[in-house]
Amino acid sequence: MNARQKAKHFKRLYEETLPKKPYPVMHKTLLPKHYRISQMIDARDIADSPDTPQLLKTHIENRILQELRPLIWDNLKTEKDSYSDKYRYWLDIWVEPQERSDKE
């Protein structure tokens with residue numbers, strides 16, 4: 001046995017004499033909440049605004065945000081950063097990826 005092999009052998013013997021501590025394995029599963037917000041826009045509104053697509057887009061965004069506001073405030077998390085004396089606010093959101101179509 002060379003010196004490296006002897007060191008490994010004695011290290012293994014030493015580690016076997018150490019008391020074994022059972023560390024429990026804990027699994028925590030968080031199920032995400034699913035929120036669906038849908039808006040119906042009358043076809044006449046879409047037909048009436050071919051010249052102003054940005055106005056229609058803004059209108060849809062505002063209506064969806066109006067329904068999201070209570071969810072935001074119910075799920076907003078806060079922590080104070082002790083180093084900078086500032087507050088950090090955050091909200092985790094899961095978004096379903098949109099399927100791409102060839103028409104776009």
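The values are calculated or read from the model by the stated rules, or taken from the named source; none is laboratory data. Keep in mind it's a predicted model, so treat the numbers as computed, not measured. All Cβ positions, even for glycine, are placed from backbone atoms using ideal geometry, and neighbour counts span all protein chains on display.
Residues that are modelled with pLDDT under 85, among the β-branched types (Val, Ile, Thr) and either touching a strand residue (DSSP E or B) at 6+ places or on another chain (Cβ under 6 Å) or part of a helix (DSSP H, G or I) (or both) do occur in region 31-48, at least one of them.
Quick one: in region 71-104, of everything that is aromatic (Phe, Trp, Tyr) and at pLDDT 80 or above, which residue is farthest from residue 33 (Cα to Cα)? Once the filter is applied, the top-ranked residue is 83. A Cβ distance below 8 Å, combined with a sequence gap of six or more or placement on separate chains, defines the contacts here; from region 1-14, residues that are part of a helix (DSSP H, G or I) reach residues that are not charged (D, E, K, R) in the pairs 9/1. For region 70-84, the set of residues classified as surrounded by 10 or more Cβ atoms within 10 Å (Cβ to Cβ), in a helix (DSSP H, G or I) and not polar (S, T, N, Q) consists of 71, 72, listed by residue number. Could you tell me whether region 1-22 includes any residue that is surrounded by fewer than 10 Cβ atoms within 10 Å (Cβ to Cβ) and within 32 Å of the chain's Cα centre (by Cα)? Scanning region 1-22 turns up no residue that is surrounded by fewer than 10 Cβ atoms within 10 Å (Cβ to Cβ) and within 32 Å of the chain's Cα centre (by Cα). Consider residue 54 carefully, then state whether it is polar (S, T, N, Q), more than 30 Å from residue 90 (Cα to Cα), loosely packed, with under 10 Cβ neighbours inside 10 Å and without any contact (Cβ under 8 Å) to a residue 60 or more places away in the chain. Spelling it out, it is not the case that residue 54 is polar (S, T, N, Q), more than 30 Å from residue 90 (Cα to Cα), loosely packed, with under 10 Cβ neighbours inside 10 Å and without any contact (Cβ under 8 Å) to a residue 60 or more places away in the chain.
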